[in-house]
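In what follows, a structure is listed as structure tokens, so that the remarks can point back to it.
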Amino acid sequence: MIPDAKEKYDPSKNEHSAAMANGAVAAARPTLSGMAKKPEAPQPTSWAIYKVTTVATWLGTIEAPDEAAAIEKAAQEFKTDGQLVRAVAGR
């Protein structure tokens, strides 16, 4: 039904307003109980390790949680300077 322009808005005709008037409780947000969960440690990611000089040379793959850890681990494992090593996240 399309209201006439002469009719005024009556909130009691609105289903939501009528339900609220009858004592219904609106569930705007779920209730959270208990304490928040502790953040989990990041899962190790596979990183492709490259030695960068004039040309990038693939050295191998390392498992580490982040890029900085991957570069540090690769520098030790491949016995190279950390400044020349780059890590690219695997897919």
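Some notes on this structure:
- Relative frequency of Cα-Cα separations exceeding 14 Å in region 45-89, percent: 33 percent
- Efficiency of FRET from Cβ geometry, Ala75 and Thr54, R₀ 25 Å, rounded to 0.05: 0.80
- Paramagnetic reach from Ala41 (point 7 Å along Cα→Cβ, amide N under 17 Å) across region 59-82: 63-70, 73
Readers should treat all values here as calculations from the given coordinates under stated rules, not as data from a laboratory. Every value quoted in this text rests on a predicted model; they were computed, and no experiment measured them. Glycine gets a Cβ as well: all are built from the backbone with ideal geometry, and neighbour counts include every protein chain shown.
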